[in-house]
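The values are calculated or read from the model by the stated rules, or taken from the named source; none is laboratory data. Bear in mind the structure is a predicted one, so any value in this text is a computation, not a measurement. Glycine gets a Cβ as well: all are built from the backbone with ideal geometry, and neighbour counts include every protein chain shown.
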């Protein structure tokens, strides 16, 4: 693959006025938590100037400067590397299409594209038309044998012979990943994808987007317009035909790395133990991977996700730095980078902590805490330490005394609480963690997640409650903070995981790139099938049942083939040793 590296020094661009460090003559910070200050932080972080704070964009670093300036102004001490507020780390940049081409006897085309999963290569061979790429016998077979694609470049139509609006039972037959993998397995050199004009007339998408095929494929793939596709298919003489003359396809996918950072500050206590409080500050930039508005190139401001949690973290840091109360433990305030692409910041920190990890007694994670109009916020993982219950009760009592109109809704019973957020990094190293979350909404991961939609009065009240909670944890008996391994609740109602049919219970390590493929895990969900089977942090999953695993997308594809109660073999690499482990699928509880 083509490589690029982005390491951008500051200043990258003029920072918004709110993102400049407070200067002399400005208002002095105080310990009071105010709705107006919460709103000011959110409006700055979710401003158009910061363009969604995507990790690796450079504007995430501008946001980090704002966060560090606020911590410094409040008197919070640096807790990053080398006496700074920052802990830098490297991330993989989003792949992008490079220069692609298709040369054939009828022309030399540069107006072709590719897909994220494509290999970067140039190959030459005969072009065979495979129609929709399927020989359908029992509605679940993907078989290129009848097209004799071995050693050839194969031309494949998008969708299925049933059309773009076919019955959902045939949806997998039109899956582009399935088509490409099937062609590669049959020996194809490369794939040319396109939508035939007749499928466009039936309502099909004319353009195959770069992000339509995620993952990793062993052969190059190029995409062409419906008009170009019809030309190529006609030159082959229709389905099953072979074009006269050679064809050369060139696909290029650019990858690279960038530097982003965690922002870390500490209010010391009487001992060197700490409670970690915070949330991630990055979001999705202009959309693309991770967005739930596919094809929309528009700033995703991420006010709720997670300027809300970042704003509360800043207010809490100011409160603790200025209130003068003695505490047994310090509080480390953490604004995590690169959460949206896989918990990268918090995973990096627990792997390379800036304070000894054995001195970290608990984590409080604030991720999406701004949509509080319903008067409640869920709290997950409350059973992982004995003192969480009394501390949460004290927080709720404080809310009730203020008539805040906000209830803490404890979820999860004995389970750890799910959610793909930074508390899971602490669960992975057996540190108790709480997760505050106001819930999903119609603007989640879309451009509409804007600052004017948050409930700032209740956010300020929530920050006060988290301050009470954190004080309780900072002064709690050490024994009451011992990790309690979650266990499945036999009386809990069970639910299916609809998207993948079954729950595997692994936490992918998105920053890992195993040399020979596979999916490396950063840990397991407590009480889940993977933990019960014996999988551990660092294992590389190579095979699930009969499915070879090259990347996380192969892994997710495989889970659609199993049901709860199935017991399968999982092949892994652990420390260079090949192992096979038995895993049995079972549902997760509704509270998890």
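For residue 522, the stated conditions do not hold, so it cannot be described as in a loop (DSSP other than H, G, I, E, B) and either modelled with pLDDT under 75 or crowded, with 16+ Cβ neighbours inside 10 Å (or both). Of the numbered conditions (1) in contact with a helix residue (DSSP H, G or I) (Cβ under 8 Å, 6 or more places away or on another chain); (2) surrounded by fewer than 21 Cβ atoms within 10 Å (Cβ to Cβ); (3) part of a strand (DSSP E or B), residue 569 satisfies every one except a single condition; which is it? Every condition holds for residue 569 apart from (1). Among the residues of region 398-413, those that are at negative phi and in contact with a helix residue (DSSP H, G or I) (Cβ under 8 Å, 6 or more places away or on another chain) comprise 398, 399, 402, 404, 406, 407, 408, 410.
Residue by residue, here is whether (1) in contact (Cβ under 8 Å) with a residue 12 or more places away in the chain; (2) crowded, with 18+ Cβ neighbours inside 10 Å holds:
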residue	(1), (2)
388	yes, yes
408	yes, yes
426	yes, yes
430	yes, no
442	no, no
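Residues considered: 64, 57. Of these, the only one that is in the same structural domain as residue 451 (by TED's automatic domain parsing), over 25 Å from residue 320 (Cβ atoms) and within 21 Å of the chain's Cα centre (by Cα) is 57. For region 451-483, the set of residues classified as assigned to a loop (DSSP other than H, G, I, E, B), surrounded by 18 or more Cβ atoms within 10 Å (Cβ to Cβ) and out of contact with any strand residue (DSSP E or B) (no Cβ under 9 Å at 6 or more places or on another chain) consists of 454, 455, listed by residue number.
Within region 199-216, the presence of a residue that is modelled with pLDDT of 95 or more and assigned to a strand (DSSP E or B) is excluded.
Of the residues screened, residue 312 is one that is in contact with a helix residue (DSSP H, G or I) (Cβ under 6 Å, 6 or more places away or on another chain) and either under 27 Å from residue 407 (Cβ atoms) or free of Cβ contacts under 8 Å to residues at least 24 places away in the same chain (or both). Considering 171, 166, which residue is in a loop (DSSP other than H, G, I, E, B), surrounded by fewer than 23 Cβ atoms within 10 Å (Cβ to Cβ) and free of Cβ contacts under 8 Å to residues at least 24 places away in the same chain? From the options 171, 166, the qualifying one is 166.
Among the residues of this structure, residue 385 counts as one that is in contact with a strand residue (DSSP E or B) (Cβ under 8 Å, 6 or more places away or on another chain), within 26 Å of residue 477 (Cα to Cα) and not in a strand (DSSP E or B). For region 529-550, the set of residues classified as touching a residue at least 60 places away in the same chain (Cβ under 8 Å) and either crowded, with 24+ Cβ neighbours inside 10 Å or out of contact with any strand residue (DSSP E or B) (no Cβ under 8 Å at 6 or more places or on another chain) (or both) consists of 550 only. Note on region 209-223: residues that are surrounded by fewer than 22 Cβ atoms within 10 Å (Cβ to Cβ) and touching a strand residue (DSSP E or B) at 6+ places or on another chain (Cβ under 7 Å) total 1.
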